[in-house]
Amino acid sequence: MTAVLCVDIGNTYTVLGLVRDGKVLKDWRLATDERRTADEWGALLGGLLREGLDGQRIEGVCVCATVPAVLVEWRRMLPRRLGELPVVVVEPGIRTGIPVRVDNPRRLAQTGSSMRSRLLTSTTARPSWSASARRRPTTSLTSRVHMSVV
């Protein structure tokens, strides 16, 4: 079985989750530290994935970030740690195939991580949409209780 690694890099916490068919299989919460290097993030990620994959294979990575310095390190680390997996970075200008109906989509970078988290959740849920389920509830990585309708 395959899963998508989703990462929400917030100012206080970095939340990671393995998602398959819109369902969070495993999730972790780490303190965000902009002083961490790509090697440190890679060591943390490697340990978490060894513990949490349970036979899953990662088919891609989806990342959103409110801390640019940490995103730079993640961009350096991902190819080294996970090879040539497809990586989607949710940032202004990204084409997710999901219409973002806000007055100024570029403001997503300034409006706090909850809006970006919902877009990230929507991006991971999108492949499992069907004609009969256009509005589908999905669990946000930042809070397993929080529900979004996409």
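The values are calculated or read from the model by the stated rules, or taken from the named source; none is laboratory data. Here the structure is a predicted model, which means the values were calculated and not measured. With ideal geometry, Cβ positions are generated from the backbone for all residues, glycine too; neighbour counts draw on all protein chains shown. SASA here: full protein model, heavy atoms, side chains in, ligands and nucleic acids out. Shrake-Rupley method; radii C 1.70, N 1.55, O 1.52, S 1.80 Å.
Every residue, every condition in (1) in contact (Cβ under 8 Å) with a residue 24 or more places away in the chain; (2) outside any helix (DSSP H, G or I); (3) over 17 Å from residue 24 (Cβ atoms), yes or no:
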{"residue": "50", "(1), (2), (3)": "no, no, yes"}
{"residue": "71", "(1), (2), (3)": "yes, no, yes"}
{"residue": "78", "(1), (2), (3)": "no, no, yes"}
{"residue": "93", "(1), (2), (3)": "no, yes, yes"}
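Where the second residue is open to solvent by 30 Å² or more (accessible area, probe 1.4 Å) and assigned to a loop (DSSP other than H, G, I, E, B) and the first is free of Cβ contacts under 8 Å to residues at least 24 places away in the same chain and lies in the stretch 15-34, which pairs have Cβ atoms under 9 Å and are six or more apart or on separate chains?
29/142; 31/12
Taking the stretch 58-80, which residues are among the β-branched types (Val, Ile, Thr) and within 13 Å of residue 90 (Cβ to Cβ)?
Passing the criteria: 61, 63, 66.
Looking at the stretch 25-34, can you tell me whether even one residue there is over 13 Å from the mean Cα position of the chain (by Cα), farther than 30 Å from residue 104 by Cβ and not aliphatic (A, V, I, L, M)?
So far as the stretch 25-34 goes, yes, one or more of its residues are over 13 Å from the mean Cα position of the chain (by Cα), farther than 30 Å from residue 104 by Cβ and not aliphatic (A, V, I, L, M).
Within the stretch 16-25, is there a residue that is surrounded by 15 or more Cβ atoms within 10 Å (Cβ to Cβ) and on the phi > 0 side of the Ramachandran plot?
yes
May I ask you to list the residues in the stretch 34-53 that are open to solvent by less than 40 Å² (accessible area, probe 1.4 Å) and under 20 Å from residue 70 (Cα atoms)?
38, 41, 42, 45, 46, 47, 48, 49 - these are the residues of the stretch 34-53 that are open to solvent by less than 40 Å² (accessible area, probe 1.4 Å) and under 20 Å from residue 70 (Cα atoms).
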